[in-house]
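Some notes on the structure that comes next.
The values are calculated or read from the model by the stated rules, or taken from the named source; none is laboratory data. It should be emphasised that the depicted structure is a prediction, and the values quoted were computed from it without experimental measurement. When we count neighbours, we look across all protein chains shown, and the Cβ atoms used for this are built from the backbone with ideal geometry, even at glycine. The protein model used for the area step is the full one, side chains on, heavy atoms only, and it has no ligands, DNA or RNA in it. Shrake-Rupley method; radii C 1.70, N 1.55, O 1.52, S 1.80 Å.
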Amino acid sequence: MSARSLNPRIISVGECMVEMAPTGEGTFAMGFAGDTLNTAWYLRRALPPEAEVDYLTAVGTDAISDRMLGFLRDAGLGTSRVARIPDRTVGLYLIELTNGERSFAYWRGQSAARLLARDPAVLAAGFAGASMIYLSGITLAILEPADRSQLLAALSAARAAGSAVAFDPNLRPRLWPDAATMCAAIMEAARHADIVLPSHEDEAAFFGDEDAAATAARYAAAGAALVVVKDGAGPMVTLTPEGQQSHAPETVRQVVDTTAAGDSFNAGFLAAHIAGAPLAEAVRAGARLAARVIGQRGALVT
């Protein structure tokens, strides 16, 4: 099945968490967010109603897990691929902002999402019929090594059945035992991806890429047919078998909160790509959405 099918079914895989977002000096509002959840949320809004956007994760059986599932349903996301695991709950993170830049504190030790890839049969059923599967480096990082291998095997089987795989490396070294383990896992996952959506600044720090073009070339060499490299306020680079292109980012007058900048770009880009837009147009769609998101507070903005 092509990612550009008339009625696409997108499966986003990862962890939705309780978000405590700043509303003022020392005050916070509770919501739900997470990198792959953010992208799914924006995809649901960018895609036509007939498209399906499901979230594959695991939650507990407690009240906050029930509330999270209600949030997903209210957002129009499919929840049939959400496992319920007794004696587990959902993770939580708190955002702190300094001049628009974010830092995070996390509490996710008992997160049920860490077990989302424990059962290969659940993964196979969850991926069945997907036109596109989306995941990130954070999805990989929260899993035990054996579960991570099962997830990659399920992705391989889904690709063989016709699904496309989109992957944002989203490097978060604090979630990994060490940088070497992180880099090895990221590149292994990239070998199972059709589309890779890295951020050059992060990639340069851990892979030593000289520029965005070097980041694109490394992922293309791993097998990705399409690489889109975000680079903050700098030009974005795309690489396909037809060649490399540079794309100017959207101008942003005031950056309020960079939370979900990359996640929203990915959603805007993928929605346009799925609809069959030319590459440059899809990049512009992602950049426009990201520019709107970083001009407001929080991961999910309307």
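Things to note:
- Tail beyond 13 Å, pair distance distribution of the stretch 161-218 (Cα, percent): 60
- Max mean-square fluctuation residue, GNM over the chain, Cα-Cα springs under 10 Å, options 78, 91, 70: 70
- Judged by the mean number of other Cβ atoms found within 10 Å, the most tightly packed of the peptides 172-184, 51-63 leads the ranking 51-63, 172-184.
- Accessible carbon and sulfur surface of the chain relative to its total accessible area, %, 1.4 Å: 52
- Normalised size of the chain, defined as Cα radius of gyration per 2.2 N^0.38 Å with N residues, equals 0.92.
- Calculated mean residue ellipticity at 222 nm for the chain: -11500 deg cm²/dmol, from DSSP H runs with n ≥ 4 weighted as -39500 (n - 2.57), summed, divided by the residue count and rounded to 500.
- Candidates 272, 193, 161, ranked by Gaussian network fluctuation over the chain, Cα under 10 Å, top entry: 161
- For the stretch 32-37, putting each phi into the Karplus relation 6.51 cos²θ - 1.76 cosθ + 1.60 with θ = phi - 60° gives couplings of 10, 6, x, 4, 6, 5 Hz, in residue order, rounded to whole numbers and with x for Gly and Pro.
- Under the Debye formula (equal points on every Cα, no solvent term), log10 I(q)/I(0) of the stretch 16-162 at q = 0.15 Å⁻¹: -0.81
- Structural size metrics of the stretch 147-302, computed from C-alpha coordinates, are Rg and Dmax of 15.4, 45 Å.
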